[in-house]
1. Can you list the residues, at least 5 places off or on another chain, whose amide H is less than 5 Å from the amide H of Trp146, using H built in the peptide plane?
2. For segment 326-334, in order, what is each residue's ³J(HN,Hα) by Karplus, 6.51 cos²θ - 1.76 cosθ + 1.60 with θ = phi - 60°, in whole Hz (x at glycine and Pro)?
3. Taking square-rooted eigenvalues a ≥ b ≥ c of the alpha carbon gyration tensor, is segment 87-143 rounded, prolate or oblate, where a/c under 1.5 means rounded and, failing that, a/b exceeding b/c means prolate?
4. From the phi of every residue in segment 47-64, what ³J(HN,Hα) in whole Hz does the Karplus formula 6.51 cos²θ - 1.76 cosθ + 1.60 yield, where θ is phi - 60° and glycine or proline is x?
5. Tell me the carbon and sulfur percent of the accessible area for segment 77-150, rounded to whole percent, probe radius 1.4 Å.
6. Order Lys305, Lys288, Lys180, Lys402, most accessible first, counting only protein heavy atoms with a 1.4 angstrom probe.
7. Could you sort Glu377, Glu152, Glu284 by their accessible area in this structure, using a 1.4 Å probe and putting the largest first?
8. Ignoring ligands and nucleic acids, what accessible area does Met395 show with a 1.4 Å probe (Å², nearest 10)?
Amino acid sequence: MENPEMDLEYYNEESGGYKTIVAWLLFMTLGFGVVWLSAGFFKYLFVGILLYFFIRTSDYNIPERKWYVAYLVAVLGSCVYSFVFNGQNPVKVFAYSYNYLGLFSLFIFAYYRFKLDQVEKAIAVISIIWCCCYIFQWLIYPRIIWSGAANEITVNEEFFRMRMPGSICSYCLFLYGINKWLVSKKPFYVGCTALALIPIFIMGFRSLTAATVICAFLLIGVVTKKVGKMVVWAAVFSVLGICALNIPIVSEKMEEMIERNEDDQNFDNEDYVRYFEYDYFANEFFVKPGEKFFGSGASLYDQSKYGRKLMTVEDRLSFFWVDLGLVGLSWIIGIPAVIIFLIILYKGVRNCRDDGLQYIRFTIITVVVASIVTSMEAFRDGNQLIMGLYLYAIMLSARRDKEASDSDGTLNSENLIDDENRNPYLS
């Protein structure tokens, strides 16, 4: 049972609650990419905000801070490399690396000392809002409200596979519904899972859809701790899946995914476009000394030779480094940065032991596994910002469990930084 006195010491009751968290995320994702809020100025503003809160919380007891420092240094290294070898403005490159710095949102939430129940409610609310926005854009197309619908490569009159900032919300809501239903059996959570399935099917990612289903089964096994129940639920989901095929949008999207697979758009085919993309970027594009290691920096798509060349490759060859997932990202921010990024996520997944938070653990696993070589979900616009909130929830849960293990149930000062007076969690 949670110690109320400890809770008051740790959290600021005037922080504004879950609505403040939701407001922060909507602000820093520009409402999931509302089309008339796409000015580059916001990238400078948002990077500044992330760094401000990172500095302001320097005295907070955040165990993984050293890894964030290392990650920041690695990303800055790619900006310096881009200046030296690609002639790009390093300050501008750093600002345009905003999408790769989203994990630092953790320090915003730490600064306001939100409570775990506030964080969980915010996760649910922001995920529901995202799914509703995605579905609404799908329904009103060709009218465009969110910038993702303006991408003619993924959205046109023949098919709709919009990529939208914050897409991790759909996978999280799907697993959230399952996780919370297993714990509470409340029908509301079934509705959450059903709502999340709609954008998941509309987006039509084969690897992500498969990873989500597999992680759902693993989540059931971890939460129930019974293999038999996992088998039973596998059967239930199979029956529900067969029934869902009678729904037009589900059947259409399944046919699309099967058709893409039958057209040999997979790794079994030597002519798979991602093989050509990898060969070109690895052997012809990112070939400067040390470029693959340090990273070439975020492209500004301006008048630099590097930016013009990348635009030409995308326009004429339809080759995109983002199609190569984390491998492609390593060519932009560097191998050290990607490794540190994965270490931060691994530590979060490892520390997520609360049965009620397993949806966070498996959401992170889903997007990382699916992003190794086929997707950019692990670093799509807005996704790292939301993952920062997930990591903050895990940090709170791990700290609560550690304190609960104390024999007298009181706060153990040895688990905190040496100087109590400098720790805002004890103010």
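1. Under 5 Å from the amide H of Trp146: Val35.
2. Using θ = phi - 60°, the values come out as 5, 5, x, 4, 5, 6, 9, 9, x Hz.
3. Working: a/c = 4.93, a/b = 1.12, b/c = 4.40.
Cα axes put segment 87-143 in the oblate bin.
4. 4, x, 5, 4, 5, 4, 6, 4, 6, 4, 9, 4, 8, 6, 7, 10, x, 8
5. Ligands and nucleic acids excluded, carbon and sulfur reach 65 percent.
6. Lys305, Lys402, Lys288, Lys180
7. On the way: Glu377 0, Glu152 150, Glu284 100 Å².
Of Glu377, Glu152, Glu284, the descending order of accessible area is Glu152, Glu284, Glu377.
8. Here the accessible area works out near 20 Å².
The values are calculated or read from the model by the stated rules, or taken from the named source; none is laboratory data. Keep in mind the model is a prediction, meaning the values are calculated, not measured. We place every Cβ from the backbone using ideal geometry, glycine too, and count neighbours over all the protein chains shown. Areas reflect the complete protein model, heavy atoms only, side chains present, ligands, DNA and RNA absent. Shrake-Rupley method; radii C 1.70, N 1.55, O 1.52, S 1.80 Å.
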